[in-house]
Ligand SMILES: [Zn+2]
């Protein structure tokens, strides 16, 4: 979220979006789609090889009424994010928790990688219908959402597909992943083999023993 004089610029990176600060003389590459020029001759360049990213320019006093903000649920660190809040919503949801935890209108900011990690640490099978989760499960989801995101942010995020050595910028959290993209590797907690399935169209990784669930 960029705070300008009269507007907020909201920018979502989606899968591959990245910002680079460049000198204006630096060659522009074909994947740099938006360039912000600054008075000191530097440029903030938005690069997006797959063009999944989104930007919204919204007048300042209209921010909270905007569609894009209204669609968002609670931030992971919001004090209103409680197990009661989750259970009230989850009790109406028969979909697998893996699908529901990605629903940005409930908790915002959990993507596919972190969803797998949060469910592993919470010892919840990704196929469990959300309405079957207990109070303890919901408390664990909140606890491990905060823990996982805090650690990932501290390590500069997770870089799986888009690492390019010439740019030299990469997060390090991929080295700390328990299950995501670990199919065939042994679980760090119980030594079973990590399994990959599809849930709601998304690649989903879990440990069949640590996350045995009801199935
Ligand atoms: Zn395990």
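Every read-out reported here was derived from the displayed coordinates using simple, explicitly stated rules and does not represent laboratory data. Keep in mind it's a predicted model, so treat the numbers as computed, not measured. Because the Cβ atoms are built from the backbone with ideal geometry, glycine has one as well, and the counts that use them run over all protein chains shown.
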Residues of segment 100-147 classified as in a helix (DSSP H, G or I) and within 16 Å of the ligand (Cβ to nearest atom), total: 8
Residues within segment 51-82 that are under 20 Å from the mean Cα position of the chain (by Cα) and surrounded by 12 or more Cβ atoms within 10 Å (Cβ to Cβ), tallied: 17
